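Structure first, commentary second.
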Amino acid sequence: MDCIFCRIAAGDVPANLVAERDDAVAFRDAHPQAPTHVLVIPREHIASVAHTSGDRSAQVLGNLKRFAVEVAATLRLAADGYRLVVNTGRNGGQTVDHLHIHLLGGRQLHWPPG
């Protein structure tokens, strides 16, 4: 398996896990861009949000977003707010070809993001 996120999800590569469930894993980003920066990934390999379509992918995305919101609540980010980001493709800033949501919080986040 060449995908680092698949290897993290399988437990083959160590990561600072925050939460996990049968279909998804949340772990701290190795290069955080905010005091709290967690990556939320599906266990199933999906290259990007651009590789999703139809009812099943809507379910995967919906479940992943719901899990990210649960992780934000667990990390006590809900009261002050947080940001969920999905980068897609090289120009969108995606550096790992595995669908993931960035959960950012713990400070005032500015707009535009960059």
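Considering only alpha-carbon pairs that sit under 8 angstrom and 6 or more positions apart, the relative contact order computed for the chain is 30 percent. Angle of helix 54-74 to the longest C-alpha principal axis of the chain, folded into 0 to 90 degrees and rounded to 10: 40°. Phi-derived couplings, Karplus 6.51 cos²θ - 1.76 cosθ + 1.60 at θ = phi - 60°, listed residue by residue for region 97-110: 7, 8, 3, 7, 10, 8, 9, 10, x, x, 7, 5, 9, 9 Hz, with x used for Gly and Pro.
Determine the shape class of region 63-114: with a ≥ b ≥ c the square roots of the Cα gyration tensor eigenvalues, call it rounded for a/c under 1.5, and otherwise prolate if a/b is greater than b/c, oblate otherwise. Note, shape of region 63-114 comes out oblate. When the Cα gyration tensor is reduced to axis lengths a ≥ b ≥ c, the ratio a/c stays below 1.5 for the chain, which is therefore classed as rounded. For region 16-40, backbone nitrogen atoms closer than 19 Å to the point 7 Å from K65 Cα along Cα-to-C-beta are found at 23-26, 38-40. Per-residue ellipticity at 222 nm computed for the chain from its helices equals -8000 deg cm²/dmol, with DSSP H segments shorter than 4 residues left out and the rest contributing -39,500 (n - 2.57). Let a ≥ b ≥ c be the square roots of the eigenvalues of the Cα gyration tensor of region 38-96; is it rounded (a/c under 1.5), or, if not, prolate (a/b larger than b/c) or oblate? Oblate, since a/c reaches 1.5 and b/c is not below a/b.
All of the numbers you see were taken from the coordinates with simple rules; none came from a lab. All values derive from a computational prediction rather than experimental measurement. Ideal geometry is used to build each Cβ from the backbone, glycine not excepted, and the neighbour counts take in all protein chains shown.
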